[in-house]
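The values are calculated or read from the model by the stated rules, or taken from the named source; none is laboratory data. Being a predicted model, the structure only gives us computed values, none of them experimental. Positions of Cβ are backbone-derived with ideal geometry, glycine not excepted, and every protein chain shown enters the neighbour counts. Accessible surface is based on the protein model in full, side chains and every heavy atom, while ligands, DNA and RNA are left aside. Shrake-Rupley method; radii C 1.70, N 1.55, O 1.52, S 1.80 Å.
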Amino acid sequence: MHTIWRVVREPPLLWRAWEGEIVLYNDASGDTHHLDPLAAEIFEILLERPAGVEELAELAAQALGVEITTDMRDTVAGIVTRFQGHGLIEPVQE
Amino acid sequence: MTHLRTPIRDLIDEIARLYAGHPVSTAETFADFHVSIAPPMRLRRWFRPKAQFLVDGIEPFNALPLDQALPMFEWGLNWCVANYANHFLILHAAVIEKGGRAAIMPGAPGSGKSTLAAGLAHRGWRLLSDELTLISLGDGRSIFGLARPVSLKNESIDVMRRFAAAATMSRVVHDTVKGSVALLKPPADSIARVAEPALPAWIVFPKYLSGLPALLEPKPKAAIMIEMAKNAFNYSVHGARGFAILADIVDACACYKFTYADLNEAVEIFDRLEPRH
């Protein structure tokens, strides 16, 4: 099934962007995360609107000015899995 | 304010020398910490004399040989501040000031932050602390220090003897868990201005590297933020507020990594630092 993801809303995440990277604080877990430029791009896309892995990979590739490849799709899927594991995103309820 | 009770004459004499200039009260008034350093009440005290650190009746770590009472006092006070002063966000970092602007210098043990802080404090910078940076939760910006003695380890002891020959230093205590340790009294100006806060302007991660010229290089802010969070004793206690304070400080500061071998070169470079705002 094609899952659509969004950034968790409660408690709201705190983040700060510097030079294309993001540091993010999750008050639910107390954890602080360092997002590299690709993860930061995906996070920023999800802040704007919910999206699935395929769309995230396309939008991130566009934003970073790189070709989309299978490797990149896998990397994005891994980032989404990591985000979910850390409680940063949640599936959108249809 | 710390209330200390000890029968150890050598410790009393060393504290009197190293803390001269700090306000002293002999009255039984309010104190943040009630500390006792004394031989433990056990039979073996007669065979291998030890000293036991107690704060408000709690023994945070095991007794140490009696001749380590002075470094134990300093380590114990650090423990007290790091664990109880939660009205501050507390970083494991040295901090120095010039012109009202603070340079925060986080670093692991052995990174050279204490030596660097001590050296700069003896060349025109004000020492707030070689170990604990206290950030006010009130405005989230003002940084306070305690102007306590600098803990020098191993080779740093002779380095500072040469660099600040007139400075007051304790006797050297050998064979501690950190090697040989001596405590260096801060300059009088640092002690006199201990209550004066400073605003953050620079974050510098120092690293002593023998035989290389001093080098100050920009360090990415996201990496700095992560390191600052790791170096905060009570970041998790303050949660979202702690994150916001640290992020604001990283925003406000110029961020660097700094390698050095020679204190004179280090002073030259620090004296050229310009605040961002």
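Looking only at the stretch A:10-32, which residues are acidic (D, E) and more than 7 Å from chain B (Cβ to nearest Cβ)? Passing the criteria: A:E10, A:D31. Of the strands (runs of 3 or more DSSP E) contained entirely in the stretch B:3-106, those carrying at least 1 residues that are in contact (Cβ under 8 Å) with a residue 40 or more places away in the chain and under 30 Å from B:V237 (Cα atoms) fall at B:33-38, B:88-98, B:101-106. Summed over the stretch B:232-249, residues that are under 13 Å from B:I135 (Cα atoms) and in contact (Cβ under 8 Å) with a residue 40 or more places away in the chain total 12.
Summed over the stretch B:229-242, the residues that are under 20 Å from B:L199 (Cα atoms), open to solvent by 10 Å² or more (accessible area, probe 1.4 Å) and at the interface with another protein chain (Cβ under 9 Å from one of its Cβ atoms) give a count of 2. Taking the stated definitions as given, is B:K257 in the same structural domain as B:V95 (by TED's automatic domain parsing), touching a Gly at 6+ places or on another chain (Cβ under 8 Å), part of a strand (DSSP E or B) and more than 18 Å from B:L127 (Cα to Cα)? No; evaluated as a whole, the condition is false for this residue. When the stretch B:115-148 is filtered for residues that are of a type in the set (S, T, Y) and assigned to a strand (DSSP E or B), the ones remaining, listed by number, are B:S129, B:T133, B:S136. Evaluate the stretch B:181-202: report whether one residue or more is touching a Pro at 6+ places or on another chain (Cβ under 9 Å), more than 27 Å from B:P23 (Cα to Cα) and crowded, with 20+ Cβ neighbours inside 10 Å. Scanning the stretch B:181-202, I find at least one residue that is touching a Pro at 6+ places or on another chain (Cβ under 9 Å), more than 27 Å from B:P23 (Cα to Cα) and crowded, with 20+ Cβ neighbours inside 10 Å, so the answer is yes. Being at pLDDT below 95 and of a type in the set (S, T, Y) is a property that B:S170 lacks.
B:L183 fulfils the conditions (1) in contact (Cβ under 8 Å) with a residue 60 or more places away in the chain; (2) in a helix (DSSP H, G or I); (3) over 30 Å from B:R241 (Cα atoms) except for a single criterion, (2).
Here the condition is being more than 24 Å from B:A147 (Cα to Cα) and within 14 Å of another protein chain (Cβ to nearest Cβ); of B:I203, B:I245, B:I249, B:I226, it holds for B:I226 alone.
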